[in-house]
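Working notes, beginning with the structure itself.
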Amino acid sequence: MRFHLLGLALMASVAMPAIAQRAEPIDRRVERLEQQLRAVQRRVFPSGNVEPEIAPGSVQGSGFGASGDALSSLSARVDALEAQLRSLTSQVEESNYRTRQFEDQIARLRTDLNGRIERLESAPRAAAEPAPPPRVREQPAAPAEAEAPPAPAPARTADDAEEAYNVGYRLWSAHRYAEAAGALGDAATRFPNSRWASWARNLQGRSYLDDNKPATAARILLANYQDNPRGERAPDSLYYLGQALTRLDRRAEACRVYDELASVYPDMRDTIRSRLPEARTAARCAAPTRN
């Protein structure tokens with residue numbers, strides 16, 4: 001009987017360290033999973049608004065008692081990890097879905113605007129561009145304040161492009177809009193890779209707008225934005241595209257253009273930013289949503 005009891009004692013003394021050795025890696029693996037999950041949470045929610053559901057130290061110690069409390073705690077932590085991973089996966093998929101929806105809306109907007117402008121351009125000229133009424137200047141401020149060129153560049157090619165733009169600018173300032181549109185279009189064609197191409201196309205569109213030809217103006221302004229979205233006058237072209245669409249009684253499209261302007265160019269010029277609320281009111285746009 002003594003030998004039997006001694007044998008059981010020896011077996012127990014050998015089995016306990018073996019159980020602990022098998023349990024410890026599981027505990028470390030759970031700790032590592034929790035750390036990885038918290039790292040994912042910090043990347044997905046950099047603002048720190050989401051609190052982790054897994055609280056460190058939920059298991060007291062790493063040993064396993066005879067009651068099995070530590071094993072139950074590990075099981076609870078694994079369940080919580082799985083629930084948190086499912087929640088994160090769902091939120092990431094929802095964010096990706098919303099991003100795709102926004103991109104699809106922008107693509108539909110551009111396609112729709114191109115189609116409408118082409119249809120307006122193909123209409124009989126007598127109906128599309130009637131004899132202009134007495135002109136009302138859209139911007140009472142001096143033209144030089146809005147479209148005066150910046151300091152000249154030293155390179156010869158840049159000087160030539162700047163001078164070509166200035167020819168059209170002077171014609172526009174003298175209210176000779178048809179001549180200005182021709183000169184500015186020629187400048188953009190001759191110097192397509194110059195910074196002045198964006199300026200020339202924008203002012204060409206404005207010349208047609210000031211000459212009471214909003215359909216032609218809309219086509220040129222939209223092309224200037226789409227072909228050169230990083231150009232210095234791309235934000236201005238979006239703003240005046242909205243003006244042209246409002247003139248054409250395409251108010252819904254104008255509002256969508258103003259929304260895109262605010263979304264794509266939050267750092268637009270102060271002159272355009274200050275005029276945007278009045279332009280939205282004229283187009284009867286709903287108040288912009290604030291995130």
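Every number in this text was worked out from the coordinates using simple rules, so none of it is lab data. Every value quoted in this text rests on a predicted model; they were computed, and no experiment measured them. Heads up, the Cβs are rebuilt from the backbone with ideal geometry, glycines too, and the neighbour counts pull from every protein chain shown.
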Note, region 160-175: 3J(HN,Hα) by Karplus (6.51, -1.76, 1.60, θ = phi - 60°), whole Hz, Gly/Pro = x, goes 5, 5, 5, 5, 4, 5, 5, 4, x, 4, 5, 5, 5, 5, 8, 6
Along the positive direction of the dipole of region 155-291 (beta-carbon charges: Lys, Arg +1; Asp, Glu -1; about the Cα centre), which of Y169, Y208, A158 reaches farthest? Y208
Below 8 Å, C-alpha to C-alpha, sequence gap of six or more: please give me the relative contact order for region 155-291 in percent. 16 percent
Rounded to the nearest 0.05, FRET efficiency between R38 and R275 (Cβ-Cβ, R0 35 Å) equals 0.15
Starting from the 7 Å offset along Cα-to-Cβ, what nm value, one decimal, do you get for the label separation of D69 and R108? 5.9 nm
By the Cα gyration tensor axes a ≥ b ≥ c (a/c under 1.5 gives rounded; else a/b larger than b/c gives prolate, otherwise oblate), the shape of region 155-291 is prolate
